[in-house]
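Data first, discussion second: the structure below is written as structure tokens.
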Amino acid sequence: MKKHKGKIQMGIVIGIFSAILITCLISVFSQLYTENKEKEEFRQLADIVTEKTTETEITRKPNIIKISGSDVENRSEQPMYYATDYQPHSISELIAMNSECFGWISIAGTNINYPVMHTPDNSQKYLNKNFYGEYSLSGVPFLDSRCSTDSKNLIIYGHHMNNGTMFADLCNYTSSSYRDEHKAVVLETKDGVSAYTVFSVLKVKSDDEWYRFTSALTENRYNSMVEYAKEKSIYETGIAPKYGQQILTLSTCYGNNQNDRILVLAARN
């Protein structure tokens, strides 16, 4: 009798564990399916707004990215780099589709090739919404609500997805050799195209001082923040932005702690 009772209990335990395992597997596969579905939706969006160019034009485009007069005056003498394989997108078409679109960000040779949203009155609107405003696990990269086109530091946030999409590739910048191969970032907005060069990579907490730097009223404030970034950088790049150069900050989650972040900082060419 006891033996029979023990078999029943063992069967119940096995049944419970089996149910838990099946539930977990369903959850994992469901998330993978959703992430890959959203990846395809971004690819389709990119196809819609990618401007038709010849191979020659694609190669030549980065070399004619314009630099404003003020940027020229304040550029350092250190070497800067334009992006390669830059593929232009129709920002006007994106804005016509969704007026909350700020532009498009891309890094050649990575999965980072997405629209960027901006909602000053609802800072995290696109944290879990797609480009069309529907619920999305991946969300859409978005500009910090405090920022505008002329901010000294443009901070863009994006999820770190398990399938390597969105801003997951930022974590590869912990390797200096990866940075050397992917140092150029291109940001397209309604005002034109700008190329940026990665100069620092930081591992920080979500409340780090850098997140409070979006504008610089004085040269001292700007220079102190650049020095802060250089000191905290996990390796040296030999580049330090000069006062007047716009900085682009890309932010995503890093590691297992929900408050850990990785920041990839780039200076406008």
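Given H placed 1.01 Å from N in the peptide plane, which residues other than close sequence neighbours of Lys242 have an amide H under 5 Å from its amide H?
Excluding prolines and chain starts, which carry no amide H, the hits are Ser76.
Given the pairs Lys39/Lys152; Lys125/Lys205; Lys52/Lys190; Lys37/Lys232; Lys129/Lys205; Lys37/Lys230, which span a C-alpha to C-alpha distance of over 29 angstrom in this model?
Among Lys39/Lys152; Lys125/Lys205; Lys52/Lys190; Lys37/Lys232; Lys129/Lys205; Lys37/Lys230, the Cα-Cα distance tops 29 Å for Lys39/Lys152; Lys37/Lys232; Lys37/Lys230.
Could you tell me the distance between the Cα centroids of the stretch 231-269 and the stretch 123-159, to the nearest Å?
18 Å
Please report Rg over Rh for the stretch 190-232, where both radii come from the alpha carbon positions and Rh follows the Kirkwood definition. Numbers along the way, then the final one.
Working: Rg = 12.4 Å, Rh = 12.2 Å.
Value, to two decimals: 1.02.
In Å, what Kirkwood hydrodynamic radius results for the stretch 45-268 from the alpha-carbon pair distances?
With all distinct Cα pairs of the stretch 45-268 included, I get 17.7 Å.
Please report the net charge: other residues with Cβ closer than 10 Å to the Cβ of Cys101, K and R +1, D and E -1.
-1
Readers should treat all values here as calculations from the given coordinates under stated rules, not as data from a laboratory. Since we're looking at a predicted model, the values are computed, not measured. Note: ideal-geometry Cβ built from the backbone for every residue, glycine included; neighbour counts use all protein chains shown.
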